[in-house]
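The block underneath contains the structure these notes are about, expressed in structure tokens.
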Amino acid sequence: MEGLKNVLLRNPKEEDVDQVGELDFVLKLHMLYHGDFDRQNMVCAFSEKEELLAVASLTEHDTFHAVGHEGDPAFVRHLMVEITLAEQVKDDNELKSALVDQMIQRAREIKEKYPDKRIVLAQYIDTDDLTELDFFFRRGFTVFDTIAVFKYDLSADIPSYPLPEGVRIVPYALDHPEALNSYHQAELASFDGVAWSLNHLGWMQGAPEVVNFCAFHGDHLIGNTSTWKITDERSATENVFVVPEWQKHGIARGLLSTALQSLKQQGKTIATLGTQGTNRKAIRLYTQVGYEFYGSRFTMGYEIDAPTPVVG
């Protein structure tokens, strides 16, 4: 890969892992332990003194290998991009732009393997981060989606909801292949063929304070809400789903109530979740349970077939 002035851009080597960890510890863990992570999808920027200045990486979003959409040329499959700059170069837009170029080029190489897929390079950016949004707009990215973020004040009362006869909600560890597969199949059914890969699902079980609250009817997993730590005070209540045949039976409300009560008992003060701004059904559920609007994020996307913009 070509350098930028006195900067060398290249894929990581084994000896770079510790430097990557100093800049982005989670990315280091991905490099070492995530079964889906491909180091060819990562670029490091080094100074002449071999000091790591920045890292950029691509990961496959859960839409990328979605099933049931093979014949739909309009279905968007995201490659998520993350760029982390060291403190001394955090305002270096030239370096950042060079890393975006590398990610676009890598995405085009991936596109060649999947010519029939509509592939979009994407990044989540808070809607009030005007500097970051301006940078990506200038690089040819556009808004593909808006994510609405909701919060639950855990100092408030948390209502309980009755469950259908024979349905129970329990914490469920996905610590063996049968459990992982049953969860995976339920998620695929609930989200129209879009689900985390088994590698990513297993990876997430190691996240801090992760708990899966799963709904069962007999031995069949029919729904879920997962929680994990964001800060000492705040946790996520995400991956809310119920398989189609059990929807509209109050199970999603029961799942959220169980998860929120658990977080409150742990001493958390706030729970948050996000959903597409167009998902009227989910927004209605969350607001009826007691969540309030908290903020929003854009999914900024770059269509891989689009021409490279002229940056002025």
### Filtered residues of the stretch 243-268 (kept if free of Cβ contacts under 8 Å to residues at least 40 places away in the same chain, of a type in the set (G, A, S) and part of a helix (DSSP H, G or I))
A252
### Query
Between residues in the stretch 81-108 that are touching a residue at least 60 places away in the same chain (Cβ under 8 Å) and residues that are part of a helix (DSSP H, G or I), which pairs lie under 7 Å by C-beta distance while being six or more apart or on different chains?
T84/L23; A86/L23; L95/V89; R106/N41
### Query
Limited to the stretch 21-47, what total is found for residues that are at pLDDT 95 or above, crowded, with 20+ Cβ neighbours inside 10 Å and assigned to a helix (DSSP H, G or I)?
1
### Query
Considering only residues of the stretch 254-297 that are of a type in the set (D, E, K, R) and open to solvent by 70 Å² or more (accessible area, probe 1.4 Å), which is farthest from the chain's Cα centre (by Cα)?
K264
### Query
Regarding G166, is this residue over 30 Å from T269 (Cβ atoms), free of Cβ contacts under 8 Å to residues at least 24 places away in the same chain, loosely packed, with under 13 Cβ neighbours inside 10 Å and small (G, A, S)?
no
### Task
Considering (1) open to solvent by less than 20 Å² (accessible area, probe 1.4 Å); (2) over 30 Å from R138 (Cβ atoms); (3) of a type outside the set (A, V, I, L, M); (4) out of contact with any helix residue (DSSP H, G or I) (no Cβ under 7 Å at 6 or more places or on another chain), say which one W246 fails and leave the rest.
(1)
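Does the stretch 52-86 hold any residues that are touching a helix residue (DSSP H, G or I) at 6+ places or on another chain (Cβ under 8 Å) and assigned to a loop (DSSP other than H, G, I, E, B), and which are they?
First, pick out the residues of the stretch 52-86 that are touching a helix residue (DSSP H, G or I) at 6+ places or on another chain (Cβ under 8 Å): 52-59, 62, 67, 79, 81-86.
Residues satisfying the conditions are D62, V67, A86.
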### Query
Pick from the stretch 178-201 the residues that are closer than 15 Å to N224 by Cβ and small (G, A, S): which of them is surrounded by the most Cβ atoms within 10 Å (Cβ to Cβ)?
A195
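The values are calculated or read from the model by the stated rules, or taken from the named source; none is laboratory data. Note that the structure is predicted; figures quoted are calculated from it, not measured. We place every Cβ from the backbone using ideal geometry, glycine too, and count neighbours over all the protein chains shown. Calculation scope for accessible area: heavy atoms of the full protein, side chains included, ligands and nucleic acids excluded. Shrake-Rupley method; radii C 1.70, N 1.55, O 1.52, S 1.80 Å.
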